[in-house]
1. Nothing charged except the Cβ atoms of Lys and Arg (+1) and of Asp and Glu (-1): what's the magnitude of the dipole of the chain about its Cα centre? Round to the nearest 20 debye.
2. Give the shape of the range 7-68 as rounded, prolate or oblate, defined through the alpha-carbon gyration tensor: a ≥ b ≥ c are the square roots of its eigenvalues, a/c under 1.5 means rounded, and otherwise the shape is prolate if a/b is larger than b/c and oblate if not.
3. Only four residue types carry charge here, +1 at the Cβ of Lys and Arg and -1 at the Cβ of Asp and Glu. Report the dipole size of the range 364-432 about the Cα centre in Debye, rounded to the nearest 20.
4. At a temperature of 4 °C and a viscosity of 1.567 mPa s, determine how fast the range 274-416 diffuses translationally according to Stokes-Einstein, using the Kirkwood radius over alpha-carbon pairs as Rh; express D in µm²/s, rounded to the nearest whole number.
5. Work out the charge dipole of the chain with +1 on the Cβ of Lys and Arg and -1 on the Cβ of Asp and Glu about the Cα centre, then indicate which of GLY24, ILE372, LEU169 is farthest towards its positive end.
6. For THR130, what accessible surface area do you get with a 1.4 Å probe? Give it in Å², rounded to 10.
7. Residue farthest toward the positive end of the dipole of the range 271-377, with Cβ of Lys/Arg at +1 and Asp/Glu at -1: which of LEU331, TYR303, LEU362?
8. Pick from LYS314, LYS290, LYS210: which is most flexible by mean-square fluctuation in a GNM of the chain where alpha carbon atoms under 10 Å apart are linked?
Amino acid sequence: MPQEPEKAELHLNGKTFEFPIVTGTENEKAIDIAKLRSATSYITLDPGFGNTGACESAITFLDGEKGILRYRGIPIEQIAEQATFVETSYLLIYGELPNRLQLEKFSNSFTQHANLHKDMLNFFSGYPATGHPMAILSSMVCSLSAYYPELVNPEPSEEDVDLTAVQLLSKVRTIAAHAYKRSRNEPFIPPRANLKYIPNFLHMMFSSPKKDYEIKPEVVSALMTLLILHADHEQNCSTSTVRIVGSSWANLFASVSAGICALWGPLHGGANQEVVEMLEEIEKDGGNIKKYIEKAKSPDKSYRLMGFGHRVYKNFDPRAKIIKKRADDLLNGMGIHDPLLDIAKKLEEAVLKDDYFKERKLYPNVDFYSGIIYKAIGIPTNMFPVMFAIGRMPGWIAHWKEMKESPDSKIGRPRQIYTGRTLRDYIPIDQR
Ligand code: ACO
């Protein structure tokens, strides 16, 4: 006997309404309420969208209870171990791993588009040297739309989207490195055609006109892992921002620029900077971990342990596991002893035993150990969120492209329950 299709029933004011069930390829279930308001005149209320699916997506699967993360079906552990960041970007954006020829073409296009327009270089000197590099990055990425007007068509061709994607993936490194140089009042180092994606970035960051930076394979490899682990994370705050901005047919540069701003916040991609600052503060304070744990548990909720907790992961963050090992390997390989790593490990150990954190299922997230790696490489703390943005670029592009290509996509426009004053009259100023 054919099985009845699953459905959900809503009993409301004596009436019954039926809603279809949508099932994903990993058996995730959703109640499709697209017709809820027209059928019932009610809406749903879900602050923070913890229970709301905004779209169907075939890019990234994650299961927060089991600590699973897969890009296009492939486990993150395999990708982090075996793939390059450029390959990962291709996989996320186009859905399949590239063959040799496709990869070569994709990589070469990064070399071709790494330079910024010469007029854009003037912008950097207009920023104060103290300006946060995320402010510079987001503005510069949006400014790209002024320099490539042929790529801002609201209904771009496939070729235009491909070219915009390459421009973004390649230029984000150049903008990031130039923002860093600006903050140090040092001359820009242009990209080199013979260097691959990450070595080229390191060269632009750390070489000077007089001396080339020595590119160490262990540094490239650690950075590669970090970028791959940050490359996508389905409908997080910044990616949802990119999708919602793009849903108004805003161009890819503008949509990604909005995503960078969303990522900047300390509860999202800004957390990696906050983690290291927190660890430094604990260190300066004599390493009193207990004091900070107690502070984070205080009922006034005015303090959080940065790098702990996640909206989706409630068991462990698979990325944090990989990064923790990477941090150990890199520091050992470079012969660095960073007391912050010791504090981080002790803090993690104490938190995992603490009932407050256990009850709330708060585990170290991707940002907890990443800052220690960036620090070992010599990247300053205010550049940490920028590193996250470089890593997340392929994810943002993949989601924007998917949204654009979906026949079901609509302009993002949530509703609200109004709780303000009811109708009243205007009072002229002399009568108030
Ligand atoms: N330290 C102390 N308490 C915390 C923490 C923390 N890091 N995170 C959550 N809590 C507590 C909350 O106070 C709340 O307690 P209550 O139930 O007694 O009110 C409970 O845990 C649930 O917290 P919410 O804020 O409701 O959880 P939510 O899913 O909305 O937030 C978030 C997730 C934003 C990541 C949160 O855990 C947090 O602020 N963590 C610190 C910042 C951070 O590391 N962000 C990076 C996240 S990873 C990423 O974006 C790449």
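The values are calculated or read from the model by the stated rules, or taken from the named source; none is laboratory data. It should be emphasised that the depicted structure is a prediction, and the values quoted were computed from it without experimental measurement. Backbone-built Cβ (ideal geometry, glycine too); neighbour counts: all protein chains shown. Side chains are part of the model used for accessible areas, which takes the heavy atoms of the whole protein and leaves out ligands, DNA and RNA. Shrake-Rupley method; radii C 1.70, N 1.55, O 1.52, S 1.80 Å.
1. 880 debye
2. prolate
3. 160 debye
4. In µm²/s, the coefficient is 76.
5. Most positive-ward Cα: ILE372.
6. That residue has around 130 Å² of solvent-accessible surface.
7. So the residue furthest toward the plus end is LEU362.
8. In the Gaussian network model the winner is LYS210.
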